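Peer 1: Would you mind keeping the following structure in view while I ask a few things?
The values are calculated or read from the model by the stated rules, or taken from the named source; none is laboratory data. Quick caveat, the model's predicted, so the values are computed rather than measured. Neighbour counts run over all protein chains shown; Cβ positions are idealised from the backbone, glycine included. Surface areas here come from the heavy atoms of the whole protein model, side chains and all, with no ligands, DNA or RNA. Shrake-Rupley method; radii C 1.70, N 1.55, O 1.52, S 1.80 Å.
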Amino acid sequence: MEDAAIVITPLSGAIPKRNSIRSIAQKDREFIPYLTIVQTGTAVQFPNRDPFKHHVYSFSPAKSFEIKLYAGKPSLPVIFDKPGEVAIGCNVHDWMEAHVLVVDSPYFAKTAAQGLAAIVDVPAGRYRLRLWHPGQKTDAPQKEIELGAGSTKLKLVLDVAPRIVKPKPPADSLSY
């Protein structure tokens, strides 16, 4: 399954901060990527790569924000400062949607189209594993895992409704 988040959080010790600026673009009247995972405190840019304006917003409890009609790149990024799930939309194009999962841990990955993901450079230890997807039917139970010095392979299962991509209408004469 594509776009599932796998997050492992250390059960003891300090949690390192590995924030970097991330980007969720608008292109061809869609958000790219559909799912972004960030560590708490990460700045996210929302570049508009379309030839017309977008109005990006979220009313999610973890991060509520609004970037009113704009073209190009907004001058300030949005700081995702609380952990949680954030649904993002466009006030102009109601079919556009994206999701941000904000987590405290720096150890996470997103599955590719084949359903595979890898989390690298994780020190040996005990972790809490969380599996999440925007379309999951129920919350997957978190579980504790022990990781050694070598690689560990896990097969994880999540009950997810198939993603139904909302069709976008043909661009009109104003390219909206």
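Peer 1: When you check residue 44 against the structure, is it more than 20 Å from residue 139 (Cβ to Cβ) and either surrounded by fewer than 17 Cβ atoms within 10 Å (Cβ to Cβ) or touching a residue at least 24 places away in the same chain (Cβ under 8 Å) (or both), yes or no?
Peer 2: Numbers: more than 20 Å from residue 139 (Cβ to Cβ): yes; either surrounded by fewer than 17 Cβ atoms within 10 Å (Cβ to Cβ) or touching a residue at least 24 places away in the same chain (Cβ under 8 Å) (or both): yes.
Taking the combined requirement at face value, the residue satisfies it.
Peer 1: Of all residues in the stretch 10-31, which are in contact (Cβ under 8 Å) with a residue 60 or more places away in the chain and either among the hydrophobic types (A, V, I, L, M, F, W, C) or buried (at least 17 other Cβ atoms within 10 Å of the Cβ) (or both)? Give the derivation first.
Peer 2: Of all residues in the stretch 10-31, those in contact (Cβ under 8 Å) with a residue 60 or more places away in the chain come to 10-13, 15-18, 24, 26, 29-31.
Residues satisfying the conditions are 10, 11, 15, 24, 26, 29, 30, 31.
Here is a yes/no grid of residues against (1) surrounded by 15 or more Cβ atoms within 10 Å (Cβ to Cβ); (2) over 13 Å from the mean Cα position of the chain (by Cα); (3) assigned to a strand (DSSP E or B):
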| residue | (1), (2), (3) |
| --- | --- |
| 66 | no, yes, yes |
| 88 | yes, no, yes |
| 95 | no, yes, no |
| 101 | yes, no, yes |
| 106 | yes, yes, no |
| 122 | yes, yes, no |
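Peer 1: Could you go through the stretch 148-159 and let me know if any residue there is modelled with pLDDT of 90 or more, surrounded by 13 or more Cβ atoms within 10 Å (Cβ to Cβ), of a type outside the set (Ser, Thr, Tyr) and under 23 Å from residue 104 (Cβ atoms).
Peer 2: For the stretch 148-159, residues modelled with pLDDT of 90 or more, surrounded by 13 or more Cβ atoms within 10 Å (Cβ to Cβ), of a type outside the set (Ser, Thr, Tyr) and under 23 Å from residue 104 (Cβ atoms): absent.
Peer 1: Quick one: is residue 55 touching a Cys at 6+ places or on another chain (Cβ under 7 Å) and open to solvent by 20 Å² or more (accessible area, probe 1.4 Å)? First the steps, then the outcome.
Peer 2: On the way: touching a Cys at 6+ places or on another chain (Cβ under 7 Å): yes; open to solvent by 20 Å² or more (accessible area, probe 1.4 Å): yes.
In short, yes.
Peer 1: How many residues does the stretch 132-155 contain that are in contact (Cβ under 8 Å) with a residue 24 or more places away in the chain and of a type in the set (S, T, N, Q)?
Peer 2: Adding up the residues that qualify gives 1.
Peer 1: Another question, if that's okay. With respect to residue 84, is the statement that it is more than 15 Å from residue 108 (Cα to Cα), in contact (Cβ under 8 Å) with a residue 12 or more places away in the chain and touching a strand residue (DSSP E or B) at 6+ places or on another chain (Cβ under 6 Å) true? Show your work before the answer.
Peer 2: Details: more than 15 Å from residue 108 (Cα to Cα): no; in contact (Cβ under 8 Å) with a residue 12 or more places away in the chain: yes; touching a strand residue (DSSP E or B) at 6+ places or on another chain (Cβ under 6 Å): yes.
It is false that residue 84 is more than 15 Å from residue 108 (Cα to Cα), in contact (Cβ under 8 Å) with a residue 12 or more places away in the chain and touching a strand residue (DSSP E or B) at 6+ places or on another chain (Cβ under 6 Å).
Peer 1: Inside the stretch 71-81, can you point out the residues that are part of a strand (DSSP E or B) and either open to solvent by less than 20 Å² (accessible area, probe 1.4 Å) or free of Cβ contacts under 8 Å to residues at least 12 places away in the same chain (or both)?
Peer 2: Passing the criteria: 78, 80.
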